[in-house]
Amino acid sequence: MIKYIFGFVLLLFISCGNKEDILLPKADRSIVKEVVDLSPIYIFFRVKGKDTLAEVNRKNSIITTNWIFNIDKRLPLRLVIPEVMKLQQKKREEKEHRNELALNYYSYADSIGKNLAFIPFTNVYYKLKKPIGTVIFFNKKNEILLENQLITKEKLRELIDNLPENIANNFLFRFDKNLDFGSYIQSKIFIQTLEKKMNSNEEFIY
């Protein structure tokens, strides 16, 4: 019941037409459809003069619950990820009330299923630097580059599916710091749907 109440309230919250609007990312599939025992965290898109700001509201977050990050899709990663890292660290460092089963999720709208959906990122460790190694790079134009060469999603999927497991796991994922959050979520969902799962728990934002 909690999950349905949350979804209904969130939909009201993001469509209420006032300054508290959040435009959620959209994708064409659901990675996770249901999350229970949760706390919402909001990161709003704000404009002050010529500056874009990310404003965090986590006043209703409970450390022992699953955290749902509702982030405006227009925000660039350079503003979003440092805030996410701070909250991740706070939860990881909690000792007294730590709940090992409580996860972190990003929320988004499944445009096909017409439902609120979630993608987990609890075990992701963000690095705000350029990676060294074999890099799959998602640039701010929403293009994919493998070792600085443009590649389509279909070709990348085919390449990774035909690689041995130990080779595929050597790839590092880098996202342009100016990529908008909506495109980032779509890229993460693409990675999640690869037949050969990538085990790297690091993502580079640079």
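The values are calculated or read from the model by the stated rules, or taken from the named source; none is laboratory data. Everything quoted here is computed from the prediction, not taken from an experiment. Methodologically, a virtual Cβ is constructed for each residue, glycine included, from the backbone with ideal geometry; neighbour enumeration extends over all protein chains shown. SASA here: full protein model, heavy atoms, side chains in, ligands and nucleic acids out. Shrake-Rupley method; radii C 1.70, N 1.55, O 1.52, S 1.80 Å.
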Inter-label distance for L23 and I132, nm, one decimal - labels placed 7 Å from Cα along Cα-to-Cβ: 4.0
Cut-off 15 Å between beta-carbons: net charge of the residues surrounding F190, Lys and Arg +1, Asp and Glu -1: +1
Under 20 Å from the Cα of K141 - aspartates and glutamates, other chains or at least 8 residues apart: D28, D72, E154, D176, D180, E203
Residues K141 and K196, FRET efficiency given R0 of 22 Å [Cβ-Cβ distance, rounded to 0.05]: 0.25
Sulfur and carbon atoms: percent of accessible area, the chain [1.4 Å]: 52
Loop sites in region 25-62: trypsin sites (Lys or Arg not before Pro), DSSP, at most 15 other Cβ within 10 Å: R29, K33, K50, K59
Region 32-91: relative contact order in percent, alpha carbon pairs under 8 Å with at least 6 residues between: 36
Inter-site label distance for Y125 and R58 at 7 Å from Cα along Cβ, in nm: 1.9
Karplus 3J(HN,Hα) series, Hz, for region 88-97 with 6.51 cos²θ - 1.76 cosθ + 1.60 (x for Gly, Pro): 4, 5, 4, 5, 5, 8, 5, 10, 5, 10
Computed label-point distance, nm, for sites R157 and V47 using a 7 Å Cα→Cβ extension: 3.6
Heavy-atom accessible area per residue - region 68-130, 1.4 Å, Å²: 52
Dmax and Rg, reported as Rg then Dmax, of the chain (C-alpha, Å): 17.2, 51
Percentage relative contact order, the chain, counting C-alpha pairs under 8 Å, at least six apart: 23
Surface/4 of the Cα convex hull for region 85-145, nm²: 6.8
